[in-house]
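Enquirer: What follows is a structure written as structure tokens; I'll ask about it next.
All of the numbers you see were taken from the coordinates with simple rules; none came from a lab. The shown structure was predicted, so the numbers you read here are calculated from the model rather than taken from an experiment. Here the Cβ positions follow ideal geometry from the backbone for every residue, glycine too, while neighbour counts run over all protein chains shown.
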Amino acid sequence: MSKNKSPFFWIENNKNKFKEDFRYKKGYTEVSRLGYYNTKEWKDLRALKISANPLCEHCLKKEKYVEANVVDHIIPIFSENIHLFYEYNNLQSLCNNCHFKKTRRDNSRYNENNLKKGNEIKAQFENYD
Ligand SMILES: [Zn+2]
């Protein structure tokens, strides 16, 4: 897997732009405010994930068949681990109900475990040639 073909290429190519972004400078950590959900890359990736996993993955584990309508980042995204935004392996399809429960549970942004996991995935990615 070459770096150019990675899900992070967009971020790599736009790194300086991103750093110049006034929202980043102001320390905004909410990815929704950074505009990533409005990119074509995200819309394509989301559609890909929903077509691969049209059922809620949490409900499936309990043998319930519920249509997924949210593509969730397993490791919640904030500016420090923005590299995971387009990481396919960090995505899961969920129903609204499971997504709501999950979001409440992981109290996401400042959770140290999530940061640690994010850095582990990042390290794996950086080892690709
Ligand atoms: Zn569910």
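Enquirer: Run through region 43-108 and list the chymotrypsin sites (Phe, Trp or Tyr not before Pro) located in a DSSP loop whose Cβ has at most 13 other Cβ atoms within 10 Å.
Expert: Within region 43-108, the qualifying chymotrypsin sites (Phe, Trp or Tyr not before Pro) (loop, at most 13 other Cβ atoms within 10 Å) are Tyr65.
Enquirer: Then there is this: Label Lys61 and Arg46 with points 7 Å out from Cα along Cα→Cβ: what is the distance between them in nm?
Expert: Taking the simple label geometry, Lys61 and Arg46 are separated by 2.4 nm.
Enquirer: Report the label-to-label distance for Tyr88 and Phe100 in nanometres (one decimal), using points 7 Å from each Cα along the Cα→Cβ vector.
Expert: Those two pseudo-labels are separated by 3.2 nm.
Enquirer: Now, a different point. Counting other C-beta atoms within 10 Å, which of Lys49, Lys62 has the fewest, and how do the rest follow?
Expert: Fewest to most other Cβ atoms nearby, the residues stand as Lys62, Lys49.
Enquirer: Using the Karplus equation 6.51 cos²θ - 1.76 cosθ + 1.60 (θ = phi - 60°), what ³J(HN,Hα) coupling, rounded to whole Hz, does each residue of region 86-95 give in order, writing x for Gly and Pro?
Expert: Couplings: 9, 7, 4, 5, 9, 10, 9, 8, 9, 8 Hz.
Enquirer: What is the set of long-range amide H partners of Leu55 at a cut-off below 5 Å, with H atoms built 1.01 Å from backbone N?
Expert: Long-range HN contacts for Leu55: Ala68.
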